[in-house]
Amino acid sequence: MSGSVITIASLKGGSGKTTLATCLAVHWHLKWTNPLLIDADPQRSIMRLAERGQALGGIDLMAQADKNVWETIKTHSPNYGVTIVDTPGFDSDITVAALAVADLVLIPVKASPLDVDRMMDTVKTLMSGMTGWAPTFRCVLTQTTRGSVISRHIRAELEESGFPLLATDMPNRVAYAEAGLYGATPSQLAPEGPAARDITDIATEAEVLLSTKKPRKATSA
Ligand SMILES: Nc1ncnc2c1ncn2[C@@H]1O[C@H](COP(=O)(O)OP(=O)(O)OP(=O)(O)O)[C@@H](O)[C@H]1O
Ligand SMILES: [Mg+2]
């Protein structure tokens, strides 16, 4: 997957983009995959997190929250094992630009009908911004309650509607916010814990998707 780009996108604020982006990036950093994490959100959530004690393990970070972010991604991603891009939680040129150069798009979505509707808008934006080529995309169910009826229902509804999902959820766990207090992720603080295991499983699914990715024919930005 060397040189691959993963864009984390959702037009729904608070769906878990930044948490997923940082957790994946730190996971790969700890596995020596040489990741680059790009903060394309004007809120600068990642950059602020990295100002805290553990600085996300000293991972390589860049911040660029404008529509030229695609150039930054194109320039730097070949030098890294994988590049992960966190995007804003609203409709913007920045997200479209970051989608246009992605090999894989992960769309975190909370298990609620309101969130699912907004996620579908994200996918429409993704498709309308592309000409002749579209990245692989997968939804990731976040902040789920294990075994809950609503999670199972939303998973089944998305699958029936043809929206592909990762098999692994990101369940609701306080470990994510707690790790954030220290500028860290669960993979750093509790590598054998359940949150770190979830992230390992999500990362493994992403690795498989990237290793079988389609060749890119055309991009737009
Ligand atoms: N799996 C989870 N379990 C528990 N809390 C979570 C989980 N994922 C995210 N959170 C919490 O939910 C809140 C929103 O998460 P996050 O900041 O990652 O979302 P976001 O999509 O990046 O938001 P924004 O659109 O504002 O950028 C944070 O307080 C975060 O700690
Ligand atoms: Mg965010």
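Coordinate-derived values only; no laboratory data. Predicted model, so just to flag it, every value in this text is computed and none were measured. With ideal geometry, Cβ positions are generated from the backbone for all residues, glycine too; neighbour counts draw on all protein chains shown.
For Pro194, what charge total do you get from the other residues with a beta carbon under 14 Å from its beta carbon, if Lys and Arg give +1 and Asp and Glu give -1?
-2
Go through 197-203, 182-188 and give me the packing order, highest mean Cβ count within 10 Å leading.
With the highest mean Cβ count within 10 Å placed first, the list reads 182-188, 197-203.
Taking 8 Å as the Cα distance limit and 6 or more residues as the minimum spacing, I'd like the relative contact order of the stretch 4-210 as a percentage.
Once divided by the residue count of the stretch 4-210, the mean separation gives 26 percent.
At a Cα cut-off below 16 Å, give the aspartates and glutamates reachable from Lys67, other chains included and same-chain residues fewer than 8 away excluded.
Cα-Cα hits under 16 Å: Asp39, Asp41, Asp86, Asp91, Asp93.
Could you go through the stretch 3-16 in sequence order and give the Karplus-derived ³J(HN,Hα) for each residue, using 6.51 cos²θ - 1.76 cosθ + 1.60 with θ = phi - 60°, rounded to whole Hz, and x for Gly and Pro?
Values, residue by residue: x, 6, 10, 10, 9, 9, 9, 5, 7, 9, x, x, 7, x Hz.
With the crude spin-label approximation of a point 7 Å out along Cα→Cβ, what separation in nm comes out for Phe90 versus Lys31?
Taking the simple label geometry, Phe90 and Lys31 are separated by 3.5 nm.
What's the ranking of 79-86, 137-144, 65-72 by average number of surrounding C-beta atoms within 10 Å, highest first?
Top of the packing list down: 79-86, 137-144, 65-72.
Residues of the stretch 22-48 with backbone nitrogen within less than 16 Å of a virtual label 7 Å along the Cα-to-Cβ line of Tyr182, please, listed as ranges.
Under cut-off, by backbone N: 23, 26-27, 30.
Considering every Cα-Cα pair within the chain, what fraction, in whole percent, is farther apart than 26 Å?
The share of Cα pairs beyond 26 Å in the chain comes to 28 percent.
By count of other Cβ within 10 Å, fewest leading, how are His27, His76, His153 ordered?
His153, His76, His27
Give the calculated FRET efficiency between Met47 and Asn172 to the nearest 0.05, with a Förster radius of 22 Å applied to their Cβ-Cβ distance.
0.30
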